[in-house]
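Asker: Below you will find the structure I want to go over with you.
The values are calculated or read from the model by the stated rules, or taken from the named source; none is laboratory data. All values reported here derive from a predicted model rather than from experimental measurement. A quick note on method: Cβ atoms are made from the backbone with ideal geometry, for glycine too, and the neighbour counts reach across all protein chains shown.
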Amino acid sequence: VDGNQSLDRNYWLTRIEEIAKQGQRVLAIAVKSVSYDQMELKFSDVENDLIMLGMFGLIDPPREEAVEAIQVCDRAGIRVKMITGDHGVTALAIARQLKLVNVDDVLTGQELELMSDDELRQQVQHIDVYARVNPEHKLLLVRLLQEQGLIVAMTGDGVNDAPALKRADVGIAMGQNGTEAAKEAAEMVLADDNFASIMHAVKEGRTVYDNLIKAILFILPTNGGEALIILAAILFGFHQLPLTPVQILWVNMVTAVTLALSLAFEPPEQNVMQRPPRNAYESMLTSYLIWRVVFVSVILMSGTFGLFLWEMDQGASIEHSRTVAVNTLIMFEIFYLFNSRYITASVLKWSGLTGNFYVLIAIGILIIFQLGFTYLPLMQSLFGTTAIDLHIWLRILFVSSSVLFLVELEKFFVRSMGLNR
């Protein structure tokens, strides 16, 4: 190598693009002679008179689980965008390997600086690949996405990523290779530096939120049904209530620590990662969920109060009628617990009835509690209950099981109207 030949710029640019199209980062190697006594290099020393030796490509292929996770995120309504300092051609090649939504267009940092904010707002909606960007560009992209009402999560590992991590709604720093500055600026730290872990975290978060909604949907109709039972008794002019305060306390106590608690262990629904994200500003109790609470409350009130009236009409004592009412309400809740496992999907299948082992355990424990509540002398004296015969239990089961089929019918109409989650 004598350095006397001029550099064929077009030739080398073509070679760079060829390597970059394979998703490789291109590094060029050059040498320059300096005087023996020169102890340090300045930027001006490497601006010219370099002798090109060659170049090579480095490849860091995406993990298979990351590619799959991006596909899952896309189905879940999460748009993944890649912001990198790599060459634009390299970035597009990697984007194709990752199977991003838009792998045909790329915006470079230089192009970003030439655009107005209005132009950028239009571009960021469909551009998924950004190359040769600096920290200011990352911060700008986060801000523009947020201005469009989007919830933005961003990953980063370097000091330069800290401003954008702090500005994002959810900043995620790398736990293994991330700097302390990035970790301090972020809300979360990704312990294994694996993008697939973010997808799993989203799935877990959606499942926890779903289970919270299910627990609320289960508990509120119980309280609503109790309130409607008391209200109906007052409106009908009864001097003795169908449920005493201590019996209401019993119902709320045993169902909360058994049935409602079991819903916290619900596994993810099949479509949990196949539906768009919920509106961050949406109330937990939507109009549909309020309708469900009212609908089930009326069912519980009608069946419980109806059997209470039936027993009273048959000449039963007030203690006997109240015992029937309490057990009817409890059995209603047991059947409705199965409905609550899926918010809009049908539960009338084997997995819907047996898919949560904790639900079955909770039901078994509650049945034992209710048998003690009904037949143990101590419980009878505490709660004013009496023993009831088998044929009355069969009547209770027949009436209370109606909620299972009525709610499933309501779910069917909801799905038919396209309101399925």
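Asker: Answer with yes or no whether ASP169 is under 24 Å from the mean Cα position of the chain (by Cα) and closer than 30 Å to ALA345 by Cα.
Answerer: It is false that ASP169 is under 24 Å from the mean Cα position of the chain (by Cα) and closer than 30 Å to ALA345 by Cα.
Asker: Against the conditions (1) surrounded by 14 or more Cβ atoms within 10 Å (Cβ to Cβ); (2) among the acidic types (Asp, Glu); (3) over 21 Å from TRP291 (Cβ atoms), where does GLU410 fall short? Just the number, please.
Answerer: The number of the failed condition is (3).
Asker: Further, regarding this structure: Evaluate the following for MET284: is it closer than 30 Å to ALA201 by Cα, exposed (fewer than 14 other Cβ atoms within 10 Å of the Cβ), in the same structural domain as THR344 (by TED's automatic domain parsing) and not polar (S, T, N, Q)?
Answerer: Yes: the conditions hold for MET284.
Asker: Shifting gears a bit: Residues GLN24, GLN97, GLN71, GLN38: which one is assigned by TED's automatic domain parsing to the domain that holds HIS126 and more than 30 Å from GLY149 (Cβ to Cβ)?
Answerer: Among GLN24, GLN97, GLN71, GLN38, only GLN97 is assigned by TED's automatic domain parsing to the domain that holds HIS126 and more than 30 Å from GLY149 (Cβ to Cβ).
Asker: Identify all residues within region 234-278 that are of a type in the set (A, V, I, L, M), closer than 23 Å to ASN327 by Cβ and not in a helix (DSSP H, G or I); write none if there are none.
Answerer: Selection gives LEU241, LEU243.
Asker: Counting only residues that are outside any helix (DSSP H, G or I) and either out of contact with any Asp or Glu (no Cβ under 6 Å at 6 or more places or on another chain) or modelled with pLDDT under 95 (or both), how many does region 385-413 have?
Answerer: 5
Asker: With the checklist (1) touching a Ser or Thr at 6+ places or on another chain (Cβ under 9 Å); (2) of a type in the set (Val, Ile, Thr); (3) not assigned by TED's automatic domain parsing to the domain that holds GLY158 in hand, flag the one item THR84 doesn't pass.
Answerer: (3)
Asker: Look at LEU348 and say whether it is under 26 Å from LEU212 (Cβ atoms) and either outside any helix (DSSP H, G or I) or at pLDDT 95 or above (or both).
Answerer: Criteria met by LEU348.
Asker: Would you pick out the residues in region 259-272 that are surrounded by 19 or more Cβ atoms within 10 Å (Cβ to Cβ) and hydrophobic (A, V, I, L, M, F, W, C)?
Answerer: LEU259, ALA260, LEU263, listed by residue number.
Asker: Also, quick follow-up: Just one of LEU92, LEU53 is in contact (Cβ under 8 Å) with a residue 24 or more places away in the chain and either surrounded by fewer than 18 Cβ atoms within 10 Å (Cβ to Cβ) or outside the structural domain of THR155 (by TED's automatic domain parsing) (or both); which is it?
Answerer: LEU53
Asker: Name the pairs: first residue in region 104-115 and assigned by TED's automatic domain parsing to the domain that holds HIS87, second residue in a helix (DSSP H, G or I) and not hydrophobic (A, V, I, L, M, F, W, C), Cβ to Cβ under 6 Å, at least 6 apart or on different chains?
Answerer: VAL106/GLY88; THR108/GLY88; GLY109/HIS137; LEU112/HIS137
Asker: Among LYS99, LYS81, which is on the phi > 0 side of the Ramachandran plot and under 27 Å from the mean Cα position of the chain (by Cα)?
Answerer: Every option except LYS99 fails the conditions.
Asker: Here's something else I'd like to know. Tell me which of these GLY352 doesn't satisfy, since it passes every other one: (1) surrounded by 12 or more Cβ atoms within 10 Å (Cβ to Cβ); (2) under 22 Å from PHE305 (Cα atoms); (3) not hydroxyl-bearing (Ser, Thr, Tyr).
Answerer: So GLY352 meets the others, but not (2).
Asker: Another question, then. Does region 1-43 hold any residues that are at pLDDT 80 or above, in a loop (DSSP other than H, G, I, E, B) and of a type in the set (Ser, Thr, Tyr), and which are they?
Answerer: Listed by number, the residues that qualify are SER33, SER35, TYR36.
Asker: Does GLN110 satisfy the criteria of being under 30 Å from the mean Cα position of the chain (by Cα), surrounded by fewer than 19 Cβ atoms within 10 Å (Cβ to Cβ) and in a helix (DSSP H, G or I)?
Answerer: Against the criterion (under 30 Å from the mean Cα position of the chain (by Cα), surrounded by fewer than 19 Cβ atoms within 10 Å (Cβ to Cβ) and in a helix (DSSP H, G or I)), GLN110 does not qualify.
Asker: Is at least one residue of region 241-258 under 26 Å from the mean Cα position of the chain (by Cα) and surrounded by 18 or more Cβ atoms within 10 Å (Cβ to Cβ)?
Answerer: Looking through region 241-258, at least one residue is under 26 Å from the mean Cα position of the chain (by Cα) and surrounded by 18 or more Cβ atoms within 10 Å (Cβ to Cβ).
Asker: Does GLU64 satisfy the condition of being closer than 29 Å to ASN271 by Cα and not aliphatic (A, V, I, L, M)?
Answerer: So GLU64 fits the description; yes.
Asker: Give me the pairs, please: first residue somewhere in region 194-205 and more than 24 Å from ASP60 (Cβ to Cβ), second residue anywhere and surrounded by 15 or more Cβ atoms within 10 Å (Cβ to Cβ), beta-carbon distance under 8 Å, and either six or more positions apart or on two chains.
Answerer: If the second residue must be surrounded by 15 or more Cβ atoms within 10 Å (Cβ to Cβ), the pairs left are VAL202/CYS73; VAL202/ALA76; VAL202/ILE78; VAL202/MET273; LYS203/VAL272; LYS203/MET273.
Asker: Read through the list (1) closer than 15 Å to MET82 by Cα; (2) in contact with a Gly (Cβ under 9 Å, 6 or more places away or on another chain); (3) at pLDDT below 90, then give the number of the only condition that ALA153 fails.
Answerer: Exception for ALA153: condition (3).
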